[in-house]
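Below is one structure, written out as structure tokens, with a few remarks after it.
The values are calculated or read from the model by the stated rules, or taken from the named source; none is laboratory data. Being a predicted model, the structure only gives us computed values, none of them experimental. In this analysis, Cβ positions are derived from the backbone assuming ideal geometry, glycine residues included, and neighbour counts consider all displayed protein chains. Heads up: the accessible areas ignore ligands, DNA and RNA and are worked out on the full protein's heavy atoms, side chains in. Shrake-Rupley method; radii C 1.70, N 1.55, O 1.52, S 1.80 Å.
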Amino acid sequence: MKAGGLKRRVLLQGGSIALMLGVHQIARGATILAVRVWPAADYTRVTIESDARLSSQQLVVGSPPRLAVDIEGIELNNELRELVGKIKPGDPYINGLRVGQNAPNVVRIVFDLKQTVRPQVFSLAPVAAYRHRMVLDLYPEQAIDPMEALIAERLRDAPKAGGPANNNGAAVAGIAPSAPATPPGTAPAPVRPAMPAGDPLGELMAQQSMRPGPAAPAPPVVAGGDRPPAPPVLVAPAPLPPVVGTAPVRPVSPPVAAARGGATASRTDRIIIVALDPGHGGEDPGATGPSGTREKDIVLQVAFRLRDRINAGSVNGNPMRAFLTRDADFFVPLGVRVQKARRVQADLFVSIHADAFTTPAARGASVFALSQSGASSSAARWLANKENDADKVGGVNVGNHEVQVQRALLDMSTTAQINDSLKLGGAMLGEIKGIGARLHKGEVEQAGFAVLKAPDIPSVLVETAFISNPEEEANLRRVDYQESLADALMRGIQRYFAQNPPLARSRQL
Ligand SMILES: [Zn+2]
């Protein structure tokens, strides 16, 4: 039709004009909508949210350590000025910052740092409630080793323990005390544990207790204070007999492994490590209840309560220790959660959630294991997809090599892991039922949750309740409910171990 032809020509012209305007607009600039800061020992994240994609250049300056970031195409506004006040004194990496209009359309932010950092700067496309985000992640030069952190925490809790509750102290003392737990410069933590099979935690703790004062383990980052002070001189752990003489004691060949070689399948004497994985965090709030309760806060509280129980617990006389994949409000990518648990050679992995469903009527707790072939129900598939989107919301630098390695690793799930996970999940489900909580379904469900893909660690994801249900949201906020939930999960873990005693560690990673 003639009319149609005419219309199209006009539209085409209009299209080219609009395109030119668009280019012009991008050049002229974006508007900053919000800024957020997520300080944590692992890394501090600064997020700058805007109505269009930002481009930037950054420069790391030596001493004193600073990071200058030039953001192009924007004008300094109040949102950006607020960044200055959002730096907390306890931030492990940022001392303070200055922000100013450096040139027309260029805003410069200068971060004064507490230590040299390895910045990762990347952009995220709009997702969920967020518009465009520019993310600055400040990582330490040397990544925090989860195993070292676990040891430091354990020594801090029991400074006089001097080692694990086993008889290997003397033998372990033979290991060269200077042996680093990880080669320097490996960052982030390596995928493959660099330590021998056996009881790495026990061995490392013994090593740590041998170190001279200044090298004594301290929390990797000291919260509070402007600058990390010199490592505190810890009360020396129960001193080992002084090694008189000169030559280093000959390393006694793999003490623990040797001792364990003949261990029966039902006995072991080592610390039992349970990885607890509070879902979401930082930029990813998880689900939000009708009264505004955030999933990320509730699940962290439940994880802390369960941690206390685990750290006071034991399995056949072997002490237990909880390891948290996050212990503060910051985002941990799904692959990193798995990687951390593998790094500490966790015996179990328990991811804790309290999600929303499409209808407020949905209620009840459920426990999930991994599935290699499809989900056990459409609800399970829906939840797994939702959880797997956490990386998009939380924000992952997909160009990062480490992330790619982790993704590749996530396809190595095994049938044995899933069978054990189903047993663990079943034990937990029974205990949750015991506290009078409703169950969404009476059996362990399965779906392709990315966070459950450690190939060698029985892994479950516990949906403690639906935060979208008003009554369950109210329950989740109650201390006594959280306590009984933690009790139930602890009993489930113990019941699992009673039926499936932990073995001496022998897996080859
Ligand atoms: Zn969740």
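Overview of results
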item	result
Residues of the stretch 333-358 satisfying the condition of being among the aromatic types (Phe, Trp, Tyr) and part of a loop (DSSP other than H, G, I, E, B)	PHE357
Selection status of ALA465, within 15 Å of the ligand (Cβ to nearest atom) and in contact (Cβ under 8 Å) with a residue 12 or more places away in the chain	yes
Within the stretch 348-361, tally of residues that are open to solvent by less than 20 Å² (accessible area, probe 1.4 Å) and more than 14 Å from the ligand (Cβ to nearest atom)	2
Among residues of the stretch 467-503, those that are in a helix (DSSP H, G or I) and either more than 16 Å from GLY425 (Cα to Cα) or of a type in the set (D, E, K, R) (or both), counted	17
